[in-house]
Amino acid sequence: MALIHCDFFSETLELSTSMTVLLPQRTRTQIGMTGAPAGEHGAPVLYLLHGLSDDHTIWQRRTSIERYAAPLGLAVVMPAVHRSFYADERHGGRFWTFLSEELPDLVSQFFRVSTRREDTYVAGLSMGGYGAFKWALRQPERFAAAASMSGAVDAVDLARSDSDRASLFERVYDGPVPPEDDLFALLAAADPATLPALHLSCGTEDYLFAANERLAAAAEKAGVPLTVDFRPGEHEWQFWDDEIRTVLDWLPGLTPSM
């Protein structure tokens, strides 16, 4: 695969920002790696989102995402959104608009990737798991599938109870979390027939496990199909390195090259 560190200007954020991008490349003589070319409509693309304490480089640094994605012919786009909770911050940047509107347009301009729904996926860990589900629930027509790994899925509870990050939530929301940023409200209002496939995973020893259990119950109540993977694990990178492989195997429409 090709690894690209892309620095660019965001009109939405009104500043220069960055993303890490993996692009598929067919290889025959590379030792220990297989590769697949982009498809007829361009490469299928996974938007892979980072957590609260991380940045756009973290998936490349902490996991073997390049090795896992290569045989799938899958492009992986990893943007930087800082500590934004993938929201248009009340006192900060318009990160939701950047993510959901500007970023896909720029990616399609810069790289040969598919823009078809059936070729587009989103996933993330912790804050990024929340962001992945929020994006999929608010723009279901964009994605074939979405996955949350150890997601910070209950923003309402976190904003109310996480006193250590009170200033963070004041900057992002400056008041109650609005319904459009509340996964539980989005699930309750969703039309299950329009949604992409959804995958929810979390370690049973993770401090966010109870919130993930509540989200799974809310999805069942709303009649929203959900693949649930709750198993032993904590909020750490060994779990996420294992889980991203599970997610890639689960994504519909991807077949490894032989």
Kindly evaluate Ala185 against the criterion of being part of a helix (DSSP H, G or I) and free of Cβ contacts under 8 Å to residues at least 12 places away in the same chain.
yes
Hey, any hits in the range 159-168 for a residue that's assigned to a helix (DSSP H, G or I) and buried (at least 18 other Cβ atoms within 10 Å of the Cβ)?
yes
Quick check on my filter: what residues within the range 1-51 are more than 22 Å from the chain's Cα centre (by Cα), of a type in the set (A, V, I, L, M) and modelled with pLDDT of 95 or more?
Leu15
Top-ranked residue in the range 52-71 [being among the aliphatic types (A, V, I, L, M) and in contact with a strand residue (DSSP E or B) (Cβ under 9 Å, 6 or more places away or on another chain); ranked as farthest from Gly151 (Cα to Cα)]:
Ala70
For the range 227-236, check the following and say yes or no: at least one residue is β-branched (Val, Ile, Thr), under 29 Å from Ala69 (Cα atoms) and in contact (Cβ under 8 Å) with a residue 60 or more places away in the chain.
no
Among what's in the range 212-226 and is buried (at least 18 other Cβ atoms within 10 Å of the Cβ) and touching a residue at least 40 places away in the same chain (Cβ under 8 Å), pick the residue that is farthest from Gly51 (Cα to Cα).
Leu215
Hits in the range 197-222 (condition: more than 19 Å from the chain's Cα centre (by Cα), over 19 Å from Glu236 (Cβ atoms) and not charged (D, E, K, R))
Ala217, Ala218, Ala222
Here is a list: Phe209, Phe230, Phe184. Which entry is touching a Lys or Arg at 6+ places or on another chain (Cβ under 9 Å) and surrounded by 14 or more Cβ atoms within 10 Å (Cβ to Cβ)?
Phe184
Within the range 233-258, restricting attention to residues that are out of contact with any strand residue (DSSP E or B) (no Cβ under 9 Å at 6 or more places or on another chain), not in a helix (DSSP H, G or I) and not small (Gly, Ala, Ser), which residue is surrounded by the fewest Cβ atoms within 10 Å (Cβ to Cβ)?
Met258
List every residue pair whose Cβ atoms lie under 8 Å apart, where the two residues are 6 or more positions apart in sequence or sit on different chains, the first residue falls within the range 1-14 and is closer than 16 Å to Val45 by Cα, and the second residue, located anywhere, is assigned to a loop (DSSP other than H, G, I, E, B) and of a type in the set (S, T, N, Q).
Met1/Gln25; Ala2/Gln25
Within the range 12-32, is even one residue within 21 Å of Tyr130 (Cβ to Cβ) and part of a loop (DSSP other than H, G, I, E, B)?
yes
Can you tell me which of (1) without any contact (Cβ under 8 Å) to a residue 40 or more places away in the chain; (2) over 27 Å from Arg83 (Cβ atoms); (3) touching a Ser or Thr at 6+ places or on another chain (Cβ under 9 Å) is the one Phe209 doesn't meet?
(2)
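The values are calculated or read from the model by the stated rules, or taken from the named source; none is laboratory data. What you are looking at is a predicted structure, and each value in this text was computed from that prediction instead of being measured. As a convention, Cβ positions derive from the backbone with ideal geometry for all residues, glycine included, and neighbour counts pool all protein chains shown.
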